[in-house]
Amino acid sequence: MEIRTDFNRRLREIQDDILIMGSMVETAIITSIKALKERDIDMAQQLINDDALINRKRFEIEEKCIKLIATQQPLAGDLRTIISVLNILTELERVGDYAAGISKIVLMIGNEEHLKPLIDIPRMADKTTLMLRESLDAFIKQDADKARAVIAEDDDVDNLYDQVFRELLTFMIEDPRTITRATRLIWAAHNLERSADRVTNICERIIYIVTGKMEELGASNY
Amino acid sequence: MTEYNLNGQTCRGDKIKAKNLNFYYGSFQALRDINLDIPGCAITAIIGPSGCGKSSFLRLLNRMNDLIYGSRIEGTIELDGKNIFDKEVDVVDLRKNVGMVFQKPNPFPISIFDNIAFGPKQHGKKSKIELEEIVENSLKKAALWDEVKDKLGQSALALSGGQQQRLCIARVLSVEPQVILMDEPCSALDPMATLKIEDLMRTLAKNYTIIIVTHNMQQAARVSDTTAFFMMEPDRAGSLVEYGLTSEIFTNPKDKRTEDYITGRFG
């Protein structure tokens, strides 16, 4: 017979909620980049409004965690999981904010043509969302090695960001009239770079759940 | 020697040392191969499922099991480096040094004053002034003085459960022990009385070595500095699974069996 059936069920429910919130955040990133590429103001505005749903989900999960701590006195691995979930929630919510931030940049850009077709920024988004998916997979499987591997992938995002930055800098040096447009794209890229950093924070929490050790692994250059 | 960082202070696990300890009730082995270094000036909690030998271990520490017919001990328990099972050890002296508080408060059916004065009298303290001083000090240390100072002549049985338990702690303190053993000291008390005893334990831990057996995991987590987890082996002998800082045991136990027990997955 399984002991603590109710507690286990509620803990699994929280883990499932994290997956749901993770996929909401992933969709937000993908949509924000689509809106940026296509300069779709309606899509961007919708995404900014929908950020409230992510925030609401975050509070909903947080409340479940607090109730579980208050009523079930979780310990050891259970305690580490719940405390880490509270941290992961914050990280996910911030990634959602970055997606909303990119959408706000889309609103600023309006109908203005991009300087060039966007290639590396969508790549950064693909890489970041892949890292996010993998981190949540590592969370569910409680796989510290996988979490470490995801952290290592952050270098790719950083390199892409470097590339985007250098390229846009050349545009600005050549023609100062491009500064506004180039800066906005750098902001968008920076939001993605920060999102990937947040994913590495999530991975550090997963390592803590599994090993009980707090490791600072995702030290970014930015 | 095991060293612990307790509350920012390094404590050596050298107050009580159990070495290769085996304990039998007749042919039944109750404890197997216990090796445990308990630091002084700290609270050590012993946790584990029913029948895992934690109370048996506690009772060995002041040789209460001597009285059980057919019981047998192998190995040693050292208190300050001296084996308590040595023939020359006076068991009355040992029990004065290592006091015990039980699950249910057990005051004598006499006055509050006489309850506390009883032990010191047995150990030769006769003068009234001296006894009054001991009674007052012991009751103060047990955080009971203010509640009973005006009714020291009344029967101890008129006190509430929580007060009776603090009286029993005062009674132990009256003979100036070094070690206080507590076997489920709060299981018969309400939550407020329990918290009072726990506060008292934290205060006493500055000057005494306290070892508490408890089924209440939260209590062990709240009150103790180090925790020992005992478990029953397939032949029902109790053994020590894991021992370490309470903060570690309750957040990141090393042994899967400890994890399963404290998270309520078995036991």
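The values are calculated or read from the model by the stated rules, or taken from the named source; none is laboratory data. This structure is a prediction, so every number in the text was calculated from the model and none was measured. Reconstructed Cβ throughout: ideal geometry from the backbone, glycine too, with neighbour counts over all protein chains shown. The area values use the complete protein model at the heavy-atom level, side chains included, leaving out ligands, DNA and RNA. Shrake-Rupley method; radii C 1.70, N 1.55, O 1.52, S 1.80 Å.
Observations on the model:
- Subset of segment A:78-107 (residues that are within 14 Å of another protein chain (Cβ to nearest Cβ), among the β-branched types (Val, Ile, Thr) and out of contact with any Pro (no Cβ under 6 Å at 6 or more places or on another chain)): A:THR81, A:ILE83
- Filter pass, A:ASP154 being open to solvent by 10 Å² or more (accessible area, probe 1.4 Å), acidic (Asp, Glu) and assigned to a helix (DSSP H, G or I): no
- Yes/no for A:GLN15 being more than 14 Å from chain B (Cβ to nearest Cβ), closer than 22 Å to A:ALA188 by Cα, part of a helix (DSSP H, G or I) and out of contact with any Gly (no Cβ under 8 Å at 6 or more places or on another chain): no
- Answer residue from segment B:223-250, given it is crowded, with 18+ Cβ neighbours inside 10 Å and in a helix (DSSP H, G or I) and is farthest from the other protein chains (Cβ to nearest Cβ) among those: B:VAL223
- Filter result for A:LYS141 (within 18 Å of the chain's Cα centre (by Cα), at pLDDT 95 or above and either of a type in the set (Ser, Thr, Tyr) or surrounded by fewer than 23 Cβ atoms within 10 Å (Cβ to Cβ) (or both)): no
- Matching residues, segment B:1-49, being modelled with pLDDT under 95, of a type in the set (Gly, Ala, Ser) and over 17 Å from the mean Cα position of the chain (by Cα): B:GLY8, B:GLY26, B:SER27
- Tallying residues that are in contact with a strand residue (DSSP E or B) (Cβ under 9 Å, 6 or more places away or on another chain) and either within 14 Å of chain A (Cβ to nearest Cβ) or aliphatic (A, V, I, L, M) (or both) within segment B:200-213 yields 7.
- Among the residues of segment B:198-212, the ones that are hydroxyl-bearing (Ser, Thr, Tyr) and open to solvent by less than 10 Å² (accessible area, probe 1.4 Å) come to 1 in all.
- The single residue among A:THR178, A:THR170 that is loosely packed, with under 14 Cβ neighbours inside 10 Å and either among the aromatic types (Phe, Trp, Tyr) or in a helix (DSSP H, G or I) (or both) turns out to be A:THR170.
- Set B:ARG63, B:ARG59: member being open to solvent by 60 Å² or more (accessible area, probe 1.4 Å) and either within 29 Å of B:ALA188 (Cα to Cα) or at pLDDT 95 or above (or both): B:ARG59
- Checklist (1) assigned to a loop (DSSP other than H, G, I, E, B); (2) open to solvent by 60 Å² or more (accessible area, probe 1.4 Å); (3) of a type outside the set (Phe, Trp, Tyr); (4) closer than 21 Å to B:ILE34 by Cβ applied to B:ARG257, failing item: (1)
- Every pair of residues 6+ apart whose Cβ atoms lie under 7 Å, when the first sits in segment A:171-189 and is without any contact (Cβ under 8 Å) to a residue 24 or more places away in the chain and over 25 Å from A:THR128 (Cβ atoms) while the second is open to solvent by less than 70 Å² (accessible area, probe 1.4 Å) and part of a helix (DSSP H, G or I): A:ILE179/A:MET172
- B:GLN218 falls short on exactly one of the conditions (1) closer than 30 Å to B:ALA142 by Cα; (2) surrounded by fewer than 16 Cβ atoms within 10 Å (Cβ to Cβ); (3) away from every other protein chain (no Cβ under 11 Å), and that condition is (3).
- From the options B:LEU31, B:LEU21, B:LEU36, residue that is crowded, with 23+ Cβ neighbours inside 10 Å and over 21 Å from B:LEU204 (Cα atoms): B:LEU31
- Neighbours by Cβ (under 7 Å, 6+ apart or cross-chain): first from segment B:256-267, within 13 Å of A:LEU79 (Cα to Cα) and at the interface with another protein chain (Cβ under 7 Å from one of its Cβ atoms); second open to solvent by 40 Å² or more (accessible area, probe 1.4 Å) and not small (Gly, Ala, Ser): B:GLY264/A:ILE3; B:GLY264/A:ARG4
- Condition check for B:GLY48: open to solvent by 40 Å² or more (accessible area, probe 1.4 Å) and at positive phi: no
- One residue stands out among those in segment A:170-189 that are within 19 Å of the chain's Cα centre (by Cα) and over 19 Å from A:GLU26 (Cβ atoms): the one that is nearest to the other protein chains (Cβ to nearest Cβ), which is A:TRP187.
- Enumeration of residues in segment A:173-222 that are at pLDDT 95 or above and of a type in the set (Asp, Glu): A:GLU174, A:ASP175, A:GLU193, A:ASP197, A:GLU204
- In segment B:77-91, of all residues being within 19 Å of the chain's Cα centre (by Cα) and open to solvent by less than 40 Å² (accessible area, probe 1.4 Å), the one that is farthest from B:ASP235 (Cα to Cα) corresponds to B:VAL91.
- Failed item in (1) more than 10 Å from chain A (Cβ to nearest Cβ); (2) touching a residue at least 40 places away in the same chain (Cβ under 8 Å), with B:ILE197 passing the rest: (2)
- Residues of segment B:177-197 that are surrounded by fewer than 19 Cβ atoms within 10 Å (Cβ to Cβ) and modelled with pLDDT of 95 or more: B:GLN178 alone.
- Residue check, A:THR71 assigned to a helix (DSSP H, G or I), within 14 Å of chain B (Cβ to nearest Cβ), of a type in the set (Val, Ile, Thr) and open to solvent by 40 Å² or more (accessible area, probe 1.4 Å): yes
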